[in-house]
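For reference, the structure I am asking about is given below.
The values are calculated or read from the model by the stated rules, or taken from the named source; none is laboratory data. Just so it is clear, the model here is predicted, and its values are computed rather than measured. Cβ atoms come from the backbone with ideal geometry, glycine included; neighbour counts cover every protein chain shown. What goes into the accessible areas is simple: the full protein's heavy atoms, side chains included, and nothing from ligands, DNA or RNA. Shrake-Rupley method; radii C 1.70, N 1.55, O 1.52, S 1.80 Å.
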Amino acid sequence: MTQSFEQPTVQVQAPLLQLNGITKVLKGQGEPRTILSGVDFTVHPGQSVAILGRSGSGKSTLLSLIGLFDRADEGKYFLHGNDITKLPERRAAALRSAEFGFVFQRFFLLKHLTAAQNVAMALVNGQGWSARRKRKQQVMEALEQVGIAHLAKSKPTRLSGGEQQRVAIARALVRQPRIILADEPTGALDTETGNLVVEVLLNTTRQGCGLVLVTHDHDHARKMGRVMELRDGRFN
Amino acid sequence: MLSGKFRSALVIGGQGIRARKLRTFLSMVSLFLGVLAVVAVQAGSEIAERAMLTDVELQSGKDGTIMGYVPGEKGAPGIVESTLKGRTDAVAMISSRAIIGEPGVRPINEGGMPFEYANRGGDYSGPMVYCDANGTCTEQKKEERKPDGQAIEVSMVALTGDIRPFKPFRSVSGTWLDFGTAPSLAPRIVLNEEAAKGLKQYRVPGEMMIDGATHHVSPQIIGVVQDGSSQPRVYMRLDELRTWMPAAAATTEVDRFRGGGTQLELYLQPGTDDLQQLIKAKLTGAGLEQNQMHFQTVNSKERMESQLKIMRLIFLGMAFLVLLIGVAGILNVGLATVGERVEEFALRRAVGMSRLLLAGIVLAETLLTGLLTAALAIGAGVGGLQVALMMFGSRFPSLQGTAFPWEAGVAGVIAGLVAGVLGGLIPAIRAARIPIATVMRA
Ligand SMILES: Nc1ncnc2c1ncn2[C@@H]1O[C@H](COP(=O)(O)OP(=O)(O)O)[C@@H](O)[C@H]1O
Ligand SMILES: [Mg+2]
């Protein structure tokens, strides 16, 4: 290599994810309804974003587009600067596994599995394989991170709401995702437990993880780095 | 090295089955009956076919054998005997009547019928009329009725050689005739089971009177065989018969009319056309007509198989219906399970499982259930056969030593697989189509 071309150095870190002009139209029975129209949304590494909005304003819909549960009808989606707008489903599944961690209002824990097995679910998904001992170690680390390692062997029915939601957060963390998507994670919890859960989620951003928190609670929203409000299918 | 997908599937499938033991068990029950029906039909027809085939071989000879029927007239027995002397590729059977027991009495089973039908009622035969080739009919005087006595009538079969290569007689006790030694002066005979039964049942004295023989002899019974005949028969070497009956009796016209007299049956191996021609030529030379000699190839198996095929199809159709009910059962349970597990499946996809793997796991669960059920059903089939043989084996001797036919096992495995695929495919497709966004919304 005798010659080298000067590349312009990118000073600004590439956004974790960037959505441009996202539109989602619901085509059910009757008139098609526009849920989201031309939404722009960006998250940088280590950044936390709160999304506020009335019920039915399209918050969950936006989150399901970000998390690749569903696809937009219009607009562009970049992840780490790569256009993934038209990614085939098989690769979307791989991205869900590697890049995202999901937390829901209902905890979605499997009743027949222990807390540890529920967390391990995110590791036993056909995307790669790690040995039993390695898996166990990863699971215990995630449970420790949310402060409930001592409940590893308990079934969900024996856990309180806050403990169950922390198991769900451990499940979201166990693969060390780049971004956490949380859809009203405190909606089913009392204020105190809700505060604890938000703290746990916010902690994850210290390691450079992005966080998108959908909430109705303004106190929780204020703890985020940025607050956005959805109204009539767009941010304002 | 197993792939991560496969290992994941094993872990998840195991968890799923453990979490729903009762459900798995219930779906197995319906399928079990279906697969068992297929196994039973397959095994039953297979065993029936084998049993029938051995009986058919006993009665009409092995397939491919060329059988010849020749009337025992005009010196035919002697001609055939001398032609076949020392040959192993052809054997002649010369049958005539013989009475074993008290001399000068009416045998218990007059006419040589099976003992089951012996002594049932009186003499129903009317006057006998015999018409010759020219159309002249004469009434035959009835033989004077002899007094009843301790004697049985048998069909006496004299052999020029070993018949077993053509008809696979099974030894019941004692030995078979030895054609390798010099003819014995004390005639040796082998009974079939019916004749042995008659001798035992009626305690007849050991004297034997043969049609055409001038004096009684005391036979030496050396064995009993199963020959597939329901009529009493005794087998002996033709050359030993000759020692007290120098020439086989010529069949009279009357005998022929009554279906009696001396009968000649020839068994030739395939590819002995020259021998067949030679015998025909010699017999024609002796004055027999061509149309009195019948030669034909035994192909009973083919005929029997076409009959069995229809029966088998009917039963297989019935088994298929039962299997269909089993499939419907497993499908029903599978669909209900998917409905119940919608959240689990959506969650698994949310944390990164691909559609294909999810569908694969759902399919694999029913497939495993199907295969396991098939294994159980085959086991039940094998066990059932053992029990059935233990209970009924003695009544059906041809079934003795029957092993579970592997075809039935294969049919069972295929049925289990098919049921697993049919019952699991629709739930698998359903599972793959679950929309994550709809299920996980809050
Ligand atoms: N699967 C669906 N069927 C019918 N309506 C839906 C569906 N998904 C979303 N919607 C509609 O889209 C709008 C936005 O819903 P959602 O994104 O769940 O709002 P939010 O989470 O802000 O409450 C609502 O009016 C909802 O009724
Ligand atoms: Mg919502």
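Being surrounded by fewer than 19 Cβ atoms within 10 Å (Cβ to Cβ), within 19 Å of residue B:21 (Cα to Cα) and within 48 Å of the chain's Cα centre (by Cα) narrows it down to one residue among B:417, B:363, B:368, B:389; which is it? Spell out the reasoning first.
Working: B:417 fails: within 19 Å of residue B:21 (Cα to Cα); B:363 fails: surrounded by fewer than 19 Cβ atoms within 10 Å (Cβ to Cβ); B:389 fails: within 19 Å of residue B:21 (Cα to Cα).
The conditions single out B:368.
For the range B:420-438, name all the residues that are within 16 Å of ligand 2 (Cβ to nearest atom), surrounded by fewer than 20 Cβ atoms within 10 Å (Cβ to Cβ) and assigned to a helix (DSSP H, G or I). First the steps, then the outcome.
Applying the first criterion (within 16 Å of ligand 2 (Cβ to nearest atom)) to the range B:420-438 yields B:435-438.
When the remaining residues are screened for being surrounded by fewer than 20 Cβ atoms within 10 Å (Cβ to Cβ), the result is B:435, B:437-438.
Across the range B:420-438, the qualifying residues are B:437, B:438.
Determine which member of the set B:114, B:103 is farther than 25 Å from residue B:229 by Cα and loosely packed, with under 15 Cβ neighbours inside 10 Å.
On the way: B:114 fails: farther than 25 Å from residue B:229 by Cα.
The unique qualifying residue is B:103.
Report the residue count in the range A:26-44 for those that are within 10 Å of ligand 1 (Cβ to nearest atom), in contact (Cβ under 8 Å) with a residue 40 or more places away in the chain and either outside any strand (DSSP E or B) or more than 14 Å from every other protein chain (Cβ to nearest Cβ) (or both).
Of the residues in that region, 1 qualify.
At least 2 residues that are aliphatic (A, V, I, L, M), within 14 Å of chain A (Cβ to nearest Cβ) and buried (at least 20 other Cβ atoms within 10 Å of the Cβ) in each: list the helices (runs of 4 or more DSSP H) lying fully within the range B:1-93 that qualify. Show your work before the answer.
On the way: elements: B:4-19, B:21-60, B:76-84.
Where helices (runs of 4 or more DSSP H) fall fully within the range B:1-93 and carry at least 2 residues being aliphatic (A, V, I, L, M), within 14 Å of chain A (Cβ to nearest Cβ) and buried (at least 20 other Cβ atoms within 10 Å of the Cβ), they are B:4-19.
Exactly one of these conditions fails for residue A:22: (1) assigned to a loop (DSSP other than H, G, I, E, B); (2) in contact (Cβ under 8 Å) with a residue 12 or more places away in the chain. Give me its number.
Failing condition for residue A:22: (1).
Please pick out the residue among A:18, A:13, A:47 that is more than 13 Å from ligand 2 (Cβ to nearest atom) and modelled with pLDDT under 90. Walk me through how you get there before you give the answer.
Values: A:18 fails: modelled with pLDDT under 90; A:47 fails: modelled with pLDDT under 90.
Of the residues listed, the single one that is more than 13 Å from ligand 2 (Cβ to nearest atom) and modelled with pLDDT under 90 is A:13.
For (1) open to solvent by 60 Å² or more (accessible area, probe 1.4 Å); (2) outside the structural domain of residue B:137 (by TED's automatic domain parsing); (3) modelled with pLDDT under 85; (4) not aromatic (Phe, Trp, Tyr), each residue gets a yes or a no:
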| site | (1), (2), (3), (4) |
| --- | --- |
| B:225 | no, no, no, yes |
| B:271 | yes, no, yes, yes |
| B:286 | no, no, yes, yes |
| B:290 | yes, no, yes, yes |
| B:339 | no, yes, no, yes |
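Return the total of residues in the range A:150-178 being more than 14 Å from chain B (Cβ to nearest Cβ), charged (D, E, K, R) and open to solvent by less than 30 Å² (accessible area, probe 1.4 Å). Give the steps one after another, and end with the answer.
We begin by selecting, within the range A:150-178, every residue more than 14 Å from chain B (Cβ to nearest Cβ); these are A:150-154, A:158-163, A:166.
Restricting the remaining residues to those that are charged (D, E, K, R) gives A:153, A:158, A:163, A:166.
Still in the list and also open to solvent by less than 30 Å² (accessible area, probe 1.4 Å): none.
Matching residues across the range A:150-178 total 0.
Which ones in the range B:299-342 are of a type in the set (S, T, N, Q) and under 20 Å from the mean Cα position of the chain (by Cα)?
In the first step, residues of the range B:299-342 are kept if they are of a type in the set (S, T, N, Q); the result is B:299-300, B:306-307, B:332, B:337.
Listed by number, the residues that qualify are B:299, B:300, B:306, B:307.
Going by what's in this entry, would residue A:199 be described as within 16 Å of ligand 1 (Cβ to nearest atom) and touching a Lys or Arg at 6+ places or on another chain (Cβ under 9 Å)?
Values: within 16 Å of ligand 1 (Cβ to nearest atom): no; touching a Lys or Arg at 6+ places or on another chain (Cβ under 9 Å): yes.
Against the criterion (within 16 Å of ligand 1 (Cβ to nearest atom) and touching a Lys or Arg at 6+ places or on another chain (Cβ under 9 Å)), residue A:199 does not qualify.
Among the numbered criteria (1) open to solvent by 40 Å² or more (accessible area, probe 1.4 Å); (2) more than 16 Å from ligand 1 (Cβ to nearest atom); (3) under 16 Å from the mean Cα position of the chain (by Cα), which one does residue A:77 miss?
(1)
Only residues that are touching a residue at least 40 places away in the same chain (Cβ under 8 Å) and either open to solvent by 40 Å² or more (accessible area, probe 1.4 Å) or of a type in the set (Gly, Ala, Ser) (or both): list them for the range A:56-69, please. Walk me through how you get there before you give the answer.
In the first step, residues of the range A:56-69 are kept if they are touching a residue at least 40 places away in the same chain (Cβ under 8 Å); the result is A:57-60, A:62-63, A:65-67.
Once the filter is applied, which keeps residues that are touching a residue at least 40 places away in the same chain (Cβ under 8 Å) and either open to solvent by 40 Å² or more (accessible area, probe 1.4 Å) or of a type in the set (Gly, Ala, Ser) (or both), the range A:56-69 yields A:57, A:58, A:60, A:67.
Among the candidates B:353, B:304, B:318, B:311, single out the residue that is touching a residue at least 24 places away in the same chain (Cβ under 8 Å) and buried (at least 23 other Cβ atoms within 10 Å of the Cβ). Steps first, please.
Working: B:304 fails: buried (at least 23 other Cβ atoms within 10 Å of the Cβ); B:318 fails: buried (at least 23 other Cβ atoms within 10 Å of the Cβ); B:311 fails: buried (at least 23 other Cβ atoms within 10 Å of the Cβ).
So the residue among B:353, B:304, B:318, B:311 that is touching a residue at least 24 places away in the same chain (Cβ under 8 Å) and buried (at least 23 other Cβ atoms within 10 Å of the Cβ) is B:353.
Note down all Cβ pairs under 7 Å where the first residue falls in the range A:84-110 and is without any contact (Cβ under 8 Å) to a residue 40 or more places away in the chain and within 8 Å of chain B (Cβ to nearest Cβ), the second is open to solvent by 40 Å² or more (accessible area, probe 1.4 Å) and not in a strand (DSSP E or B), and they're at least six residues apart or on different chains.
If the second residue must be open to solvent by 40 Å² or more (accessible area, probe 1.4 Å) and not in a strand (DSSP E or B), the pairs left are A:89/B:355; A:94/A:127.
Name the residues in the range A:197-217 that are more than 16 Å from ligand 2 (Cβ to nearest atom) and closer than 27 Å to residue A:54 by Cβ, would you?
Going residue by residue through the range A:197-217, those that are more than 16 Å from ligand 2 (Cβ to nearest atom) are A:197-211.
Selection gives A:197, A:198, A:199, A:200, A:201, A:202, A:205, A:210, A:211.
Is one or more of the residues making up the range A:96-113 more than 22 Å from residue B:439 (Cβ to Cβ) and open to solvent by less than 30 Å² (accessible area, probe 1.4 Å)?
No, the conditions are met nowhere in the range A:96-113.
Of B:370, B:339, which residue is over 24 Å from residue A:118 (Cβ atoms) and away from every other protein chain (no Cβ under 14 Å)? Talk me through it step by step, then tell me what you get.
Working: B:339 fails: over 24 Å from residue A:118 (Cβ atoms).
Result of the check over B:370, B:339: B:370.
Is it true that some residue in the range A:135-149 is within 20 Å of residue B:361 (Cβ to Cβ) and facing chain B (nearest Cβ under 9 Å)?
As a first pass, look at the range A:135-149 and keep what is within 20 Å of residue B:361 (Cβ to Cβ): A:135.
Add one more test, that the residue is facing chain B (nearest Cβ under 9 Å), and what stays is none.
No, the range A:135-149 contains no residue that is within 20 Å of residue B:361 (Cβ to Cβ) and facing chain B (nearest Cβ under 9 Å).
Still on this model: Please enumerate the residues belonging to the range B:30-81 that are at pLDDT below 85 and polar (S, T, N, Q).
Passing the criteria: B:30, B:42, B:45, B:54, B:59, B:60.
What are the residue pairs meeting all of these: first residue in the range A:113-133, first residue farther than 17 Å from residue B:361 by Cβ and more than 7 Å from chain B (Cβ to nearest Cβ), second residue at pLDDT below 90 and assigned to a loop (DSSP other than H, G, I, E, B), Cβ atoms under 8 Å, and 6 or more apart or on different chains?
Going by the 8 Å Cβ cut-off, there are no qualifying pairs.
Another question about this same structure. For the range A:209-229, indicate whether the set of residues that are closer than 22 Å to residue A:108 by Cβ, within 15 Å of the chain's Cα centre (by Cα) and not in a strand (DSSP E or B) is non-empty. Walk me through it before giving the result.
To start, the set of residues in the range A:209-229 that are closer than 22 Å to residue A:108 by Cβ comprises A:209-217, A:220.
Checking which are within 15 Å of the chain's Cα centre (by Cα) leaves us with A:209-215.
From the residues that got through so far, the ones that are not in a strand (DSSP E or B) too are A:209, A:215.
Checking the range A:209-229: at least one residue is closer than 22 Å to residue A:108 by Cβ, within 15 Å of the chain's Cα centre (by Cα) and not in a strand (DSSP E or B).
Any residue in the range A:221-233 that is within 16 Å of ligand 1 (Cβ to nearest atom) and within 14 Å of another protein chain (Cβ to nearest Cβ)?
There is no residue in the range A:221-233 that is within 16 Å of ligand 1 (Cβ to nearest atom) and within 14 Å of another protein chain (Cβ to nearest Cβ).
Quick one: in the range B:240-260, which of the residues that are touching a strand residue (DSSP E or B) at 6+ places or on another chain (Cβ under 7 Å) and either part of a loop (DSSP other than H, G, I, E, B) or surrounded by 17 or more Cβ atoms within 10 Å (Cβ to Cβ) (or both) is modelled with the highest pLDDT?
B:240
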